[in-house]
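Enquirer: Attaching a single structure in structure tokens format; questions to follow.
Coordinate-derived values only; no laboratory data. Predicted, not measured: the structure shown is a model, and the values here were computed from it. Methodologically, a virtual Cβ is constructed for each residue, glycine included, from the backbone with ideal geometry; neighbour enumeration extends over all protein chains shown.
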Amino acid sequence: MIETKSVGIEVRGGWSKAAERILTPPALAFVGALHREFEERRGTLLEARARRQLLVDAGERPDFLRETTDIREADWQVAPAPIDLERRWVEISGPADRRMIINALNSGADCFTADLEDSLSPTWRNVVHGQLNLYDAVRRQIDFTAPDGKTYWLGPSLATLQVRPRGWHLAEDRVRVDGRSVSASLFDFGLYFFHNAVELIERGSGPYFYLPKLQSYLEARLWDDVFTFAQRRLGVPHGTIRATVTVEHVLAAFEMNEILYELRDHSAGLALGRADYVFSAIKTFAEDDAAVLPDRGSLRMSVPFMRSYAELLLQTCHRRGAHAIGGNAQFIPNPRDERLTERALSSVRQEKTREGRQGFDGTIVTHPALVPLARAAFAETLGVHDHQRDRTLDDVYVSAADLLETSSAGCRMTRIGFELNVSVALQYLTAWLRGSGAVAIYSRVEEKAAAELARAQVWQWIRHGVELEDGTRVTAELYREVRAREVARLKPRVGAADGRLRQAAELLDAFVLSRTFAPFLQAGGAPAA
């Protein structure tokens, strides 16, 4: 344990050369100042989340807020985008490890989002080294040599860097300010901003962020106040920070105008977050028989309640002069199976073409091989234009009922879908406990959102006794049977001596067999040292 007495901060993680470079006394003092200024409000907002959920559990249906009608009806726009965020046809997202950062910045994408949230297994090493890797990347001094001797370095043309800190619900327990764990959001944001804001500005860019897991406009207001405080403290001009909010919660969908309004001086737009959005629908309406959803693979953006969510996001962003960013394609090309790869690439091509025609200003991929495909799809629609914010979708009307109409999603609930959820959750959790936050599973890059959705659907189907297409009733006994078989199948892959698979199975059991739904995979701490 390292105690920085001058700022009242304890660092309870291990100390290393990386930590020495990143966790400097001035940087920790900055994080401490953020904590002291905003931690009480963060706690109040998390309590408000819990109270709101109790109202939904009691039967209250979400709706657009009466108290913010004036904001929704008024004419206002967010601040103009910085030059290097004007064109966002293709964004690539992934973890903040050195090889990924180099490949993503070199990929030909317009932007790269270093994901410290869903792509992060929050070991202390990952948290600290992620910040160090970003520090080096900002200064163009990052390189990497793989175990096989292959070297990686930055080319002359790079994507614009964005960073996605962890959500408001998470604490970084290994760093304490005045005896209390610091918010993981403030820790991630504070270290990156402190070390890199001025350097980014001098290089003609700026500190750009993606904000995850917001559930209300008041949570966006907190972020805006954090940005204002941080800029003022470091002498950075107001509005230099820009942030895109990924709309990942069904309750946030009712407050998209308000979220943009709160962040209007710092806004870079909104983005779709399909897996997390579906996950949020399951957990928000956990006790509602009418909200039971079909196989997650069938929950595409063409499903009515998902299409309404996308259309409202598009309409809201373009009315306010903000970018609207589409969903994430997570396919990994498989050189050993050309037919599978071609089918998957065709599906991705169709999805990205649809997003462009629908009106989105850009889209997201997780593999560099998908960048040219996505760029070609958006070039077909946008031509020489950086965006299509002039498409305001004035003829679209999305009601509260449209956002909540999950019963129209379909009714295919299959044995294959159930077993796939168990398999994905087990494989991801095993890798996550080992320290990997982005995992290749069945030709896809799966992140924490996939595991959250998979385990949520298993819980939902057990809780509501779903009958599958083959007539099988989903029960705890069926789950145990499927899980045991999947553990036996995976053992040879992970090694008999590796206890992580057993831990993953125990963790999954605790989640899906609980009477009540656990809102998040990780409420704090870390999966490994």
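Enquirer: Can you tell me which of 59-68, 87-96 comes out highest on packing, and rank the rest after it, using the mean Cβ neighbours within 10 Å?
Expert: In decreasing order of mean packing, 59-68, 87-96 become 87-96, 59-68.
Enquirer: Filter the DSSP H helices in the chain by two things, a Kyte-Doolittle mean of at least -0.5 and an axial alpha-carbon span of 20 angstrom or more, and list the hits by number.
Expert: Helices meeting the criterion: 25-57, 124-138, 184-202, 217-234, 304-319, 415-434, 448-463.
Enquirer: Which whole-number percent is the relative contact order of the stretch 2-400 (Cα, under 8 Å, 6+ apart)?
Expert: Relative CO of the stretch 2-400 lands at 19 percent.
Enquirer: Of the listed values [x] -0.52; [y] -0.42; [z] -0.37, identify the label whose number matches log10 I(q)/I(0) by the Debye sum over Cα atoms at q = 0.07 Å⁻¹ calculated from this model.
Expert: Recomputing log10 I(q)/I(0) by the Debye sum over Cα atoms at q = 0.07 Å⁻¹ here gives the entry labelled [z].
Enquirer: Can you compute the FRET efficiency between Ala484 and Glu199 using 1/(1 + (r/R0)^6), with r the Cβ-Cβ distance and R0 = 41 Å? Round to the nearest 0.05.
Expert: About 0.20, to the nearest 0.05.
Enquirer: Moving on to the next point. Give the peptides 309-320, 390-401, 440-451 in descending order of average Cβ contacts within 10 Å, highest first.
Expert: Taking the mean over residues of other Cβ atoms within 10 Å, the ranking is 309-320, 440-451, 390-401.
Enquirer: Determine, for each peptide in 431-439, 261-269, the mean count of other beta carbons within 10 angstrom over its residues, then list the peptides with the highest first. Can you show the working numbers first?
Expert: Numbers: 431-439: 21.7, 261-269: 23.9.
Per-residue Cβ counts within 10 Å, averaged per peptide and sorted highest first, yield 261-269, 431-439.
Enquirer: Give the residue from Pro519, Phe194, Pro304 lying farthest towards the positive end of the charge dipole for the chain; charges sit on Cβ (+1 for Lys and Arg, -1 for Asp and Glu) and the dipole is referred to the Cα centre.
Expert: Phe194
Enquirer: Find how many whole Å separate the alpha carbon centroid of the stretch 123-147 from the alpha carbon centroid of the stretch 196-257.
Expert: For the stretch 196-257 versus the stretch 123-147, the Cα centre distance is 23 Å.
Enquirer: Let me ask another. Using a 7 Å offset from the Cα along the Cα-to-Cβ direction at both Thr472 and Leu345, what is the distance between the two label points in nm, to one decimal?
Expert: For the pair Thr472/Leu345, the computed spacing is 3.5 nm.
Enquirer: Another question, then. Taking 0.36 nm per residue of sequence separation and subtracting the Cα-Cα distance, how much length would be gained by fully extending the chain between Glu287 and Asp390, in nm to one decimal?
Expert: Difference between extended and current length: 33.0 nm.
Enquirer: Here is a follow-up. So, R0 is 60 Å and r is the distance between the beta-carbons of Leu65 and Glu380; what FRET efficiency does that work out to, to 0.05?
Expert: 0.95
Enquirer: Helix-only mean residue ellipticity at 222 nm, the chain, DSSP H runs n ≥ 4 weighted -39,500 (n - 2.57), per residue, nearest 500. What is it?
Expert: It comes out at -15000 deg cm²/dmol, rounded to the nearest 500.
Enquirer: Say a paramagnetic label sat at a point 7 Å from the Cα of Ser157, along Cα to Cβ; which residues of the stretch 354-377 have their backbone N under 13 Å from it?
Expert: 372, by backbone N distance to the label point.
Enquirer: What full-extension length gain, to one decimal in nm, is calculated for Ser302 and Arg140 as 0.36 nm per residue of separation minus the Cα-Cα distance?
Expert: 54.2 nm
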